[in-house]
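Following: one structure in structure tokens, then a few remarks.
The values are calculated or read from the model by the stated rules, or taken from the named source; none is laboratory data. On a predicted model such as this, the values are computed, not experimentally measured, just so you know. All Cβ positions, glycine included, derive from the backbone under ideal geometry; neighbour counts span all protein chains shown. Remember, those area values only see protein heavy atoms, side chains included, never the ligands or the DNA or RNA. Shrake-Rupley method; radii C 1.70, N 1.55, O 1.52, S 1.80 Å.
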Amino acid sequence: MSNESEDRQTQKAAALREEILAKVAEYYRLAHAAKPFTPGESLVHYAGRVFDENELINGVDAVLEFRLTHGRFGREFERKLGAFLGAREVIPVNSGSSANLVAISTLCARQLHNRLMPGDEVITPAVTFPTTLAPIIQNRLVPVLVDCQLGNYNIDVEQLEAAYSPKVRAVFVPHTLGNPVEMDKVVEFAKRHDLFVIEDTCDALGSTYDGKMCGTFGHLGTLSFYPAHHITLGEGGAVYTNSRRLARLARVLRDWGRDCFCGYDNPPDGKCGHRFDWKIDGSDEPYDHRYLFTEIGYNLKSTDLQAAIGVAQLDKLPMFIEKRKQHFHLLYEHLKRYADVLQLPTWSPRSEPSWFAFPITVKPAAKFTRTTLTKYLEAHRIETRFLFAGNILSQPGYRQIDCRVAGDLANSDIVLRRTFFIGVYPGLDAPQIEHVLNTFDKFFGSMRSNA
Ligand SMILES: Cc1ncc(COP(=O)(O)O)c(C=O)c1O
């Protein structure tokens, strides 16, 4: 083909792309227009995808480009998210569970001089999401389970010292439902005993403690981009850190255990220019860096399509966080009148939670159970959820795990039996919140008339 006809073809393709993307925006407005809300009939979700034409446009654009694997959207997503978090390194993965797996596996990496070894202990709360605990067990480490505090539902930081043994090498703390753990206490404890700290920030993107982003206090932070979370890529997650060394190992573990990291979208010999300068036992010939495996790894990478959607979601993140905070406070200000029977959420005055949800525990003084209340809410089309696994040792898959329990897990058992949460996500609006509050009022009204 001549240069001229090649140019014409490129121009035509560019014009067609513009036309397609304009149609996508039009499609969004028709297909995804907000539906009217009818109290008691329309479902009040606890979470969901909040998006506009920009997510669809980016997604379609990524398909038209058809790189599919990590590319220009992936690089932009890493840069934007890193800037938001104040983290030097962002390593996207395919889920929050994978982020937790990569984080723990990084601390067990063969090339990490101070690595965690099988049998080493990791302190973590008993009230948790299962795949915060699972990678500890999967890496043959021993979890040390600590109770949570009622109201903030985080690990009870006052019990850290009592949970310590010389075998403890790390602390893995989730910021439960977006509520920041008192990280000054965790960091001070970890420094005293020379421990690694990982923060599961899957529920807490944008939450701060002492003005600093959660996930940046410890060695590694993790995120989930499942639709329930602050931003969504469908599935997806990320590990983030300010340590170049840990980031390098996290990428190796995510990418099959492969040592080479500069070959993605660079010249055939990689950016470093040393692709064939490597030695391997058993061969005098140089070995291709792309096939040099220095760790026993996984493939937990995410795609450029996911990142394309993520880039558009990140533009909305400050607004999402603001709405989550507003919805939380509307619920709190109204529901505090029922504080004699409902344990409302508590948080540190040093924190600014970017709430994932609004947790409630039915107090023993109440003349109703969690089941009575959640059934009532669900019957009025308000979604409720339990606080993940409750005391995870009660879960069938976790009853027999090899672990150490520090102190008792009395609060974790209460969470198992009496805690639930409702939504604060940015897809809610004033009429939906009003319906939630009216429904609580009606519930308590009916309780009084039955008394
Ligand atoms: C605290 C916490 N950690 C980890 C995860 C797992 O994330 P994913 O669903 O993306 O695997 C979740 C999921 O909701 C979570 O809430």
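For the range 354-376, which residues satisfy the criterion of being open to solvent by 50 Å² or more (accessible area, probe 1.4 Å) and either in contact with a Pro (Cβ under 8 Å, 6 or more places away or on another chain) or farther than 14 Å from residue 386 by Cβ (or both)?
Just the residues of the range 354-376 that are open to solvent by 50 Å² or more (accessible area, probe 1.4 Å), to begin with: 363-365, 367, 369, 371-372, 375-376.
Within the range 354-376, 363, 364, 365, 367, 372, 376 meet the criteria.
Would you check which residues across the range 66-88 are of a type outside the set (Lys, Arg) and either within 16 Å of the ligand (Cβ to nearest atom) or free of Cβ contacts under 8 Å to residues at least 12 places away in the same chain (or both) and list them?
Once the filter is applied, which keeps residues that are of a type outside the set (Lys, Arg) and either within 16 Å of the ligand (Cβ to nearest atom) or free of Cβ contacts under 8 Å to residues at least 12 places away in the same chain (or both), the range 66-88 yields 66, 77, 81, 83.
How many residues does the range 417-436 contain that are of a type in the set (A, V, I, L, M, F, W, C) and under 18 Å from residue 368 (Cβ atoms)?
4
I'd like the residue in the range 89-113 that is within 15 Å of the chain's Cα centre (by Cα) and more than 14 Å from the ligand (Cβ to nearest atom) and, out of all such residues, is surrounded by the most Cβ atoms within 10 Å (Cβ to Cβ).
Checking each candidate, the answer is 91.
Tell me the residue from 400, 313 that is at pLDDT 95 or above and either surrounded by 21 or more Cβ atoms within 10 Å (Cβ to Cβ) or in contact with a helix residue (DSSP H, G or I) (Cβ under 6 Å, 6 or more places away or on another chain) (or both), please.
313
Would you check which residues across the range 403-436 are assigned to a strand (DSSP E or B) and either surrounded by 18 or more Cβ atoms within 10 Å (Cβ to Cβ) or outside the structural domain of residue 383 (by TED's automatic domain parsing) (or both) and list them?
419, 420, 421, 422, 423
Taking helices (runs of 4 or more DSSP H) that do not extend beyond the range 21-126, which have at least 1 residues that are acidic (Asp, Glu) and either on the phi > 0 side of the Ramachandran plot or in contact with a helix residue (DSSP H, G or I) (Cβ under 8 Å, 6 or more places away or on another chain) (or both)?
In the range 21-126, 53-65, 72-85 are the helices (runs of 4 or more DSSP H) which contain 1 or more residues that are acidic (Asp, Glu) and either on the phi > 0 side of the Ramachandran plot or in contact with a helix residue (DSSP H, G or I) (Cβ under 8 Å, 6 or more places away or on another chain) (or both).
So is residue 137 within 16 Å of the ligand (Cβ to nearest atom), of a type outside the set (D, E, K, R) and open to solvent by 20 Å² or more (accessible area, probe 1.4 Å) or not?
It is true that residue 137 is within 16 Å of the ligand (Cβ to nearest atom), of a type outside the set (D, E, K, R) and open to solvent by 20 Å² or more (accessible area, probe 1.4 Å).
If residue 28 passes every condition in (1) more than 16 Å from the ligand (Cβ to nearest atom); (2) in contact with a His (Cβ under 8 Å, 6 or more places away or on another chain); (3) not acidic (Asp, Glu) but one, which one does it miss?
(2)
Can you find even one residue in the range 345-353 that is open to solvent by less than 40 Å² (accessible area, probe 1.4 Å), among the basic types (Lys, Arg) and touching a residue at least 24 places away in the same chain (Cβ under 8 Å)? Even if it seems obvious, please write down each step before you answer.
Of the range 345-353, the ones open to solvent by less than 40 Å² (accessible area, probe 1.4 Å) are 345, 348, 351, 353.
Retained after the next criterion (residues that are among the basic types (Lys, Arg)): none.
No, the range 345-353 has no match at all.
Given the condition surrounded by 20 or more Cβ atoms within 10 Å (Cβ to Cβ) and assigned to a helix (DSSP H, G or I), answer yes or no: does some residue in the range 282-298 qualify?
Yes: one or more hits.
So is residue 81 at pLDDT 95 or above, over 23 Å from residue 212 (Cα atoms) and not β-branched (Val, Ile, Thr) or not?
Working: at pLDDT 95 or above: yes; over 23 Å from residue 212 (Cα atoms): no; not β-branched (Val, Ile, Thr): yes.
For residue 81, the condition - at pLDDT 95 or above, over 23 Å from residue 212 (Cα atoms) and not β-branched (Val, Ile, Thr) - is not met.
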